[in-house]
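Notes follow the structure.
The values are calculated or read from the model by the stated rules, or taken from the named source; none is laboratory data. Treat the numbers as computed from the prediction; the structure is a model and nothing was measured. All Cβ positions, glycine included, derive from the backbone under ideal geometry; neighbour counts span all protein chains shown. In case anyone asks, the SASA skips ligands and DNA or RNA and just uses the protein heavy atoms, side chains included. Shrake-Rupley method; radii C 1.70, N 1.55, O 1.52, S 1.80 Å.
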Amino acid sequence: MAQKELLKVNNLKQYFPIKGGFLGRTVNHVKAVDDVTFNIYEGETVSVVGESGCGKSTTGRAILRLDDPTDGTIEFNGEDLLSLNKKEMRKRRKDIQVIFQDPYASLNPRQTVFQILAEAMEIQDVVPKDKRRERAIELLETVGLNAEQVDRFPHEFSGGQRQRIGIARALAVEPKLIICDEAVSALDVSVQAQVLNLLKKLQREFNLTFLFIAHDLGVVRHISDRVIVMYLGKVVEIADKKSLFDNPQHPYTKALLSAIPTPDPEAKKERIVLQGDVPSPINPPTGCRFHTRCPFATEMCKTDTPELRNLDNMAEGHQASCHHIEKIFSGDLVSKY
Amino acid sequence: MSEEIILDVKDLRTSFFVDDFEVKAVDGVSFKLPKGKTIGIVGESGSGKSITALSILRLLEKPGKIVGGEINFKGNDLTKASEQEIRSIRGNEISMIFQEPMTSLNPVYTVGQQIRETLKVHQGLGKEQGMEKGVELLKLVGIPSPQERIKQYPHELSGGMRQRVMIAMALACNPELLIADEPTTALDVTIQAQILELINELQEELGMSVIMITHDMGVVAETCDYVAVMYGGKVVEYADVKTIFKDPKHPYTVGLLNSIPRHDIDVDELEPIRGSVPSPKNMPNGCRFAPRCPFATDLCMEELPDLGDVSDENLVRCWIYSERWDGDPEVKEHGPKRTT
Amino acid sequence: MFQFIVRRLFQLIPVLLGVTILVFSLMHLSPGNPAHIIAGESAPESTVQQIEERLGLNDPIPVQYANFLKDVVTLDFGNSWRTSLPVSTELWPKFWVTFELAIYSTIFSIFLGLIAGIISAVRQYSVADVSIMLVALFGLSMPNFWLGLMLMQWFSINLGWLPPTGWGTPEQIIMPVFTLGTMGAAVIARMTRSSMLDVITQDYIRTARAKGLKEKVVIYRHALKNALIPVVTVVGLQFGGLLAGAVLTESVFAINGMGKLVVDRILARDFPVVQAAVLVMAVVFVFVNLIVDVSYKFLNKRIDLD
Ligand SMILES: Nc1ncnc2c1ncn2[C@@H]1O[C@H](COP(=O)(O)OP(=O)(O)OP(=O)(O)O)[C@@H](O)[C@H]1O
Ligand SMILES: Nc1ncnc2c1ncn2[C@@H]1O[C@H](COP(=O)(O)OP(=O)(O)O)[C@@H](O)[C@H]1O
Ligand code: SF4
Ligand code: SF4
Ligand SMILES: [Mg+2]
Ligand SMILES: [Mg+2]
């Protein structure tokens, strides 16, 4: 795919200060995102997966400039978003939209669907005033709702329908990139499937690019072209969907995939049950951050931080950050449990 | 099923009475649980899974009331048991763990105090014995350094740890039946794997029977022996776990399976169920699933089907399998189509 | 815990410093030359000047403030300008009367408020609940001097059961405490009720029931302790209002306490006594709130005050 690079995130760091002590000094930092680099091509869907607190949403928020990143660059269409001022950034928001998890909390309960959509159009001034109603109805039909529903309030809709309204609002300004932060997580499976199909359809129709944040790997496999796996603020593996699910290289990715219950009682699988909890991002483990739970960890893992790398047994563009990929692959290093 | 049946729920009905309106949260739930086995209750949100569980232990909050049916636990109908009888069963013969490990423990008491309480009520254990048994239980559920943990407050533990504490508390009196209401929904997958493995191990070790409530078909496949699928307050299909996945008969069960995006195989297009779950305030009169069912006929719209035998394995609530079916003969022949 | 208390004590310093500035400026900025008032209407100018000299009223204001501050730090407030008695001799007996009134009233309002609030919550929407909440609303909206006068009318004048004025004997204590404590009881009852209702729906209450505990144990052991957390804060705030209410209550029942003393001495421009009295009240208020914070921490182990 020799495609245009739409978004390029370089060495992104987001440290949140922890205030404390006598005078509210900064006593420590939550290293929510620590040196993350990836890119997204136009028209593709890249997913970010990982356990709660690993920095998925923070990455999304940084791209939207909802937080001020500590370090790094975020290039969108060749322009560094982090160097823009507030006003310039507001203009750029037209191109980058977001859909959140909780469809109800992100819609103003006092506005009708039309008002919600018109407001989005007005802020970015993409549709002249007298055309807005027409456009709103068109948008509703695009996301599978009825034209008659345009004057209703959010509480008159079901969860799945509200999420459709959220999608319509994002589409209203004709964005290039949509960040979906757990956009289907709160929905029941039967409805979730509807919304996933809708997102795929819209992507084809409007050549949209998605950054899809999720924790459900089934959903991720279904929607993504490429997948980024994060652990404690770092990218541990990045690959096209097929390689990631069929040929995972990082011990964490393997454990994560094996932990998902398979909806097939006869599927034989080997489960890697990790010990313990995810450590705190306040003082994350040194070296490889996964070493406290990794079944392959050696002394070296405790001190040396592994870099993302591509090896012969991996497809092009597939990278994992582990010192021992080769030895694990060849069977020279065996699991400790 | 020739095994000993530990729990036999027959046509359970539980309603909430709000503003002169009856919300039929559970409206005809029947299932049998053989001793030492696990039954999964699955369904989407609002289908009545939690209310079924709470009804069994009679833990319903105020406007909620059991309005009919039987809950036979070892031959004793719990719907008719006195307050005192049911209290002596709770936490003792039947224990329950809940979905939200973060909020299900009392924040102002230590883990130890909370475990000891159960032991004191049902076994009359004193402080020292309770503490000893508490440490033992924490060890059993795999909590590292139980001696220290037992003195900590819930906020000092992670979500997975708290769920382990909940399990320890539930196991304190060696219950014969454990009701787990979405025990891993709030947890990360790697922690979910730990907890499910723990429940499976303990079940084998202690010979408990388990009711596993979940909306995740993956969890059902990996933990259950039998499955009851709920929709709109009713059990629409009941079968052993293999049959549910291999030969599901109810259009809703099939729709549910077709909607799941799989992490283990590629699915080109998901086959969602159209529409959404009906609100309990305007439940359809006939088959609850009729407005969303691709096979619905006039009969389905008007009359509610019974939960009846379809084969040796399945109990299904659907007109397709009755003599009165006048819709698509193809479905009757082959059943609804699986796409995944 | 110890560290926390020490830290809070240190944090009191700026607060108290602020109080001294406030008290000092209020007195010194108020119109009327104290020397004039002390000397009397018709005293000659020379006497007034002499008094001014003696009291240091001619010094620049910052110097006067510094002197005042020195008095505060050494806990020696000098003598009253009015009676020439040491300030502490004037203050202590009155302080004790008011302090007793406030403490009894607080205990009364906590006791009554909690019981009423719990009953209300446990029997939500019952006759008991509705009546308690009505009475509480009544208690909230009634000014306490009015309540005091009504009580006096009934129990002293009509029925003759209780003495109308004074302080000391149990009979004398009943009406003032009731008068002063009612508002607090009403506030605490309402607060306890809503807090209890909130707590009763929490997941851990369901867990407690699922363990097979008796309903009584669920309510008193599991719900109440959590419900008290917000109530404790209210008690601290109430105490401030109580000190103010005490002044009115004292004048209704002719109790010779701090309220009366302060009012009298403000009129007489007796700076040392007024300043000391206000300062003492502020210190008490601040300490009560410290106690509240400590019990808050004790009740709520989640709050990490360190
Ligand atoms: N404003 C903030 N101040 C301090 N810490 C924060 C802030 N926002 C996020 N964090 C911390 O940063 C880490 C990453 O958070 P983030 O929300 O990105 O997680 P996530 O991967 O989206 O998790 P989830 O799956 O639960 O949504 C967490 O440890 C979180 O507690
Ligand atoms: N306190 C209540 N008052 C009124 N309706 C309730 C109450 N609790 C639950 N319900 C209704 O009962 C139905 C079943 O709920 P529940 O058993 O919690 O569903 P789930 O299957 O998601 O566990 C839902 O429609 C819900 O709205
Ligand atoms: S670097 Fe070491 S600890 Fe990290 S994943 Fe690889 S083997 Fe495990
Ligand atoms: S009874 Fe009719 S509507 Fe209901 S599931 Fe069967 S076919 Fe569908
Ligand atoms: Mg998030
Ligand atoms: Mg539920």
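A few notes on this one:
- Selection within the range B:186-216 - over 28 Å from B:PRO284 (Cα atoms), open to solvent by 10 Å² or more (accessible area, probe 1.4 Å) and not in a helix (DSSP H, G or I): B:ALA186, B:LEU187, B:ASP188, B:GLY207
- The set of residues from the range A:24-67 being outside any strand (DSSP E or B) and among the acidic types (Asp, Glu) comprises A:GLU42, A:GLU44, A:GLU51, A:ASP67.
Let's see how each residue does on (1) modelled with pLDDT under 85; (2) under 16 Å from C:SER88 (Cα atoms); (3) not in a helix (DSSP H, G or I):
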residue	(1), (2), (3)
C:VAL232	no, no, no
C:GLY240	yes, no, no
C:GLY245	yes, no, no
C:GLU250	no, no, no
C:VAL262	no, yes, no
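- Here the condition is being surrounded by fewer than 18 Cβ atoms within 10 Å (Cβ to Cβ) and within 16 Å of ligand 3 (Cβ to nearest atom); of A:ASP67, A:ASP35, it holds for A:ASP35 alone.
- Boolean, A:PHE210 is within 11 Å of chain B (Cβ to nearest Cβ), of a type in the set (Phe, Trp, Tyr) and either open to solvent by 10 Å² or more (accessible area, probe 1.4 Å) or more than 30 Å from A:ILE328 (Cβ to Cβ) (or both): no
- Unmet requirement for A:LEU66, which otherwise passes all of (1) farther than 30 Å from A:ARG204 by Cβ; (2) within 12 Å of ligand 1 (Cβ to nearest atom); (3) free of Cβ contacts under 8 Å to residues at least 12 places away in the same chain: (1)
For (1) open to solvent by less than 70 Å² (accessible area, probe 1.4 Å); (2) out of contact with any Lys or Arg (no Cβ under 6 Å at 6 or more places or on another chain), each residue gets a yes or a no:
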site	(1), (2)
C:SER109	yes, yes
C:LEU112	no, yes
C:SER120	yes, no
C:TYR125	no, yes
C:ALA128	yes, yes
C:GLY139	yes, yes
C:PRO143	yes, yes
C:LEU149	no, yes
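- Members of the range B:217-237 that are within 27 Å of B:LEU198 (Cβ to Cβ) and in contact with a strand residue (DSSP E or B) (Cβ under 8 Å, 6 or more places away or on another chain): B:MET217, B:VAL219, B:VAL220, B:THR223, B:CYS224, B:ASP225, B:TYR226, B:VAL227, B:ALA228, B:VAL229, B:MET230
- B:PRO294, sole failed condition from (1) surrounded by fewer than 16 Cβ atoms within 10 Å (Cβ to Cβ); (2) closer than 26 Å to B:ILE51 by Cα: (2)
- Test result for B:LEU256, outside any helix (DSSP H, G or I) and within 11 Å of chain A (Cβ to nearest Cβ): no
- Of A:SER47, A:SER57, A:SER52, A:SER83, all but one fail to be farther than 19 Å from A:ASP225 by Cβ and either within 14 Å of chain B (Cβ to nearest Cβ) or surrounded by 22 or more Cβ atoms within 10 Å (Cβ to Cβ) (or both); the exception is A:SER52.
- Condition check for A:THR253: open to solvent by less than 10 Å² (accessible area, probe 1.4 Å), within 14 Å of another protein chain (Cβ to nearest Cβ) and at pLDDT below 95: no
- Residues being more than 22 Å from C:ASP129 (Cβ to Cβ) and not in a helix (DSSP H, G or I) - total across the range C:197-230: 3
- Those residues of the range B:17-38 which are within 14 Å of another protein chain (Cβ to nearest Cβ) and in a strand (DSSP E or B), in sequence order: B:PHE17, B:VAL18, B:THR38
- Residues located in the range A:280-292, provided they are within 14 Å of chain B (Cβ to nearest Cβ) and over 18 Å from A:THR253 (Cβ atoms): A:SER280, A:PRO281, A:ILE282
- Matching residues in the range B:78-105 - criterion: being facing chain C (nearest Cβ under 8 Å), in a loop (DSSP other than H, G, I, E, B) and within 17 Å of B:THR184 (Cβ to Cβ): B:PHE98, B:GLU100, B:THR103, B:SER104, B:LEU105
- Count of the range C:44-71 residues which are open to solvent by less than 70 Å² (accessible area, probe 1.4 Å) and over 24 Å from C:LEU22 (Cα atoms): 3
- Residues located in the range B:60-72, provided they are surrounded by 19 or more Cβ atoms within 10 Å (Cβ to Cβ) and within 16 Å of ligand 6 (Cβ to nearest atom): B:GLY64
- For B:SER47, the conditions (1) of a type in the set (Gly, Ala, Ser); (2) more than 14 Å from chain A (Cβ to nearest Cβ); (3) under 16 Å from B:LEU307 (Cβ atoms) are fulfilled apart from (2).
Let's see how each residue does on (1) under 30 Å from B:CYS224 (Cβ atoms); (2) of a type in the set (Val, Ile, Thr); (3) more than 16 Å from ligand 1 (Cβ to nearest atom):
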{"residue": "A:GLN275", "(1), (2), (3)": "yes, no, yes"}
{"residue": "A:PRO284", "(1), (2), (3)": "no, no, no"}
{"residue": "A:ARG309", "(1), (2), (3)": "no, no, yes"}
{"residue": "A:GLY331", "(1), (2), (3)": "no, no, yes"}
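- For beta carbons closer than 9 Å, sequence separation of 6+ or different chains, a first residue in the range B:268-281 that is within 16 Å of ligand 6 (Cβ to nearest atom) and a second that is polar (S, T, N, Q) and open to solvent by less than 40 Å² (accessible area, probe 1.4 Å), the qualifying pairs are B:VAL277/A:SER158; B:VAL277/A:SER190; B:VAL277/B:SER47; B:SER279/A:SER158.
- Residue that is within 14 Å of chain C (Cβ to nearest Cβ) and more than 29 Å from B:LEU187 (Cα to Cα), where the choices are B:VAL165, B:VAL67, B:VAL121, B:VAL108: B:VAL121
- When residues of the range B:259-277 are limited to those that are open to solvent by 30 Å² or more (accessible area, probe 1.4 Å) and within 23 Å of the chain's Cα centre (by Cα), the one farthest from the other protein chains (Cβ to nearest Cβ): B:VAL277
- Candidate set: the range B:217-230, residues that are more than 10 Å from chain A (Cβ to nearest Cβ) and open to solvent by less than 10 Å² (accessible area, probe 1.4 Å); chosen: the one farthest from A:LYS269 (Cα to Cα): B:MET230
- Being away from chain C (no Cβ under 14 Å), modelled with pLDDT of 95 or more, open to solvent by less than 10 Å² (accessible area, probe 1.4 Å) and over 29 Å from C:VAL122 (Cβ atoms) is not true of B:VAL141.
- Among the residues of the range B:86-99, the one identified as surrounded by fewer than 20 Cβ atoms within 10 Å (Cβ to Cβ) and among the charged types (D, E, K, R) is B:GLU93.
- Of all the residues in the range B:168-184, those that are in a loop (DSSP other than H, G, I, E, B) and more than 11 Å from chain A (Cβ to nearest Cβ) number 7.
- Summed over the range B:231-246, residues that are within 12 Å of chain A (Cβ to nearest Cβ) and either out of contact with any helix residue (DSSP H, G or I) (no Cβ under 8 Å at 6 or more places or on another chain) or not hydroxyl-bearing (Ser, Thr, Tyr) (or both) total 8.
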